[in-house]
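Single-structure report; data block below.
The values are calculated or read from the model by the stated rules, or taken from the named source; none is laboratory data. Keep in mind it's a predicted model, so treat the numbers as computed, not measured. Here the Cβ positions follow ideal geometry from the backbone for every residue, glycine too, while neighbour counts run over all protein chains shown. Accessible surface areas use protein heavy atoms only, side chains included; no ligands, DNA or RNA. Shrake-Rupley method; radii C 1.70, N 1.55, O 1.52, S 1.80 Å.
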Amino acid sequence: MGDQEMLLNQVFSVAQITSYIKEILEGAFSTITVEGEISNWRPSTSGHVYFTLKDNSAQLKAVMFKGSLYSLKFKPKDGDKVRCTGRLSVYEPQGNYQLIVNKMEATGSGDILAMLEERKKRLAQEGLFNEENKKVLPQFPRTIGVVTSPTGAAIRDILQVSRRRNKNINVIVLPALVQGEGAAQTIQKMIEIANFYKLCDILIVGRGGGSLEDLLPFSEENVVRAVAASEIPVISAVGHEIDWALCDYAADKRAATPSAAAELAVPLLSDIKQDISYYKTELYNEIKQKIEKKRLIVRAFDPSSLEVRFRNIQQPLLNRFDKAKQGLKDGILDKIKDYRTRIATYKTILENASPQTILNRGYSMVRDENGDVVRDSAQVNEGTALLITPAKGSIKAKVIK
């Protein structure tokens, strides 16, 4: 009986079949790379991520455990085209097979650019690129720190420019990987070490030119955050002038090349000497002018000239005093004259309004027997006794009609 016939006659349990399938799949595909589009990206509370890889005709369930997520160089999302490397596994309780992903990368430079753009936008929203956070480079640094490869062209260019511009400035090399796996972590670590031990006054972070993939470590999120958090001013010098990395936006200054970064960081010794000479001359002239002014001031206090100066100060004051005294006197006399005129006017008004003055004009005041002033003939009757008061004396009369 052949193997096929034996399999047909044998009855298997579900567990046996699943176990056989698991053994075959996992044995045949211990390491496999699958390319597809992410769908149903679902991070779990445990830190793992579950998702589906799909193309136009099929789907494959996948999982990426928490430990593997740290190696991601971008933030995956639904619709991203990726290349996943891992192993096939069968989950026996449910009879499902899935891809356990150890490594994931975006496929094609277009996807890398999209990933960088997404990361740039997200970090910008957090304020990591804000201009108000940029620090000013110190004018006279003593030590320049350089985070780069100790064997690359970048450090040679920086050292050459630094020596040419100012031999008195120290350059410390903080060696780091600048491409490949683990590069971003070493760059971050060197930036943090420089800050922790305060190793330098300015920090240059960069490398020479390369492909977009070669420059990716300088766009990793941990590197960008380390640059933004650095208390030491950072100059980003990644690649050539046309190259760019996200740390360019987070740095306090961006240089087109490592050589340009050295020019920014290291002041020209001849310029410093020239400035010192200029300010020395300016200071000397200013002190000389101040001394001359003080001499003139002291000379003015010579005993022979003090009396003249005193008279010059006193005379205008005496003139002002005399003018003020005369002005006060004239003002008082004018006031008295004015008051006299007003009093005379008021006297005339009062005299003209006096009852005696009216009586002196020939008028008389008539009162009835009750003493009331008679203003209307209707107030009296025939036989009413009246008292007439002319200007002088009085007259008693009786109403006849």
Considering only residues of segment 59-87 that are among the charged types (D, E, K, R), in a strand (DSSP E or B) and farther than 19 Å from LEU116 by Cβ, which is modelled with the highest pLDDT?
LYS61
Can you report the number of residues in segment 264-316 which are touching a helix residue (DSSP H, G or I) at 6+ places or on another chain (Cβ under 8 Å) and open to solvent by 100 Å² or more (accessible area, probe 1.4 Å)?
0
List, please: which pairs have Cβ atoms under 7 Å, are six or more places apart or on different chains, and start with a residue in segment 62-88 that is aromatic (Phe, Trp, Tyr) and open to solvent by less than 30 Å² (accessible area, probe 1.4 Å) and end with one that is at pLDDT 85 or above and outside any loop (DSSP other than H, G, I, E, B)?
PHE74/ARG119
Please work out which residue is nearest to GLY180 (Cα to Cα), limiting yourself to segment 229-262 and to residues that are open to solvent by 40 Å² or more (accessible area, probe 1.4 Å) and among the aliphatic types (A, V, I, L, M).
ILE242
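Look through ALA397, ALA391 and report the one residue that is part of a loop (DSSP other than H, G, I, E, B) and either surrounded by 10 or more Cβ atoms within 10 Å (Cβ to Cβ) or modelled with pLDDT under 85 (or both). If you could, list the steps in order and put the result at the bottom.
Details: ALA397 fails: part of a loop (DSSP other than H, G, I, E, B).
Residue meeting the stated conditions: ALA391.
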Can you confirm whether segment 186-198 contains a residue that is part of a loop (DSSP other than H, G, I, E, B) and either in contact (Cβ under 8 Å) with a residue 24 or more places away in the chain or under 21 Å from LYS120 (Cβ atoms) (or both)?
yes
Within segment 96-114, does at least one residue satisfy the condition of being out of contact with any helix residue (DSSP H, G or I) (no Cβ under 9 Å at 6 or more places or on another chain), more than 25 Å from LYS189 (Cα to Cα) and among the charged types (D, E, K, R)?
yes
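Could you say whether any residue in segment 253-271 is touching a Pro at 6+ places or on another chain (Cβ under 7 Å), touching a residue at least 24 places away in the same chain (Cβ under 8 Å) and within 21 Å of MET115 (Cβ to Cβ)? Full working, then the answer.
Of segment 253-271, the ones touching a Pro at 6+ places or on another chain (Cβ under 7 Å) are 265.
From what is left, the residues that are touching a residue at least 24 places away in the same chain (Cβ under 8 Å) are 265.
From what is left, the residues that are within 21 Å of MET115 (Cβ to Cβ) are none.
No, segment 253-271 has no match at all.
Out of curiosity, is ARG375 open to solvent by 100 Å² or more (accessible area, probe 1.4 Å) and modelled with pLDDT of 80 or more? Break it down into steps so the answer makes sense when it comes.
Values: open to solvent by 100 Å² or more (accessible area, probe 1.4 Å): yes; modelled with pLDDT of 80 or more: yes.
Yes.
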Working only within segment 124-148, note down all residues that are among the hydroxyl-bearing types (Ser, Thr, Tyr) and crowded, with 19+ Cβ neighbours inside 10 Å.
THR148
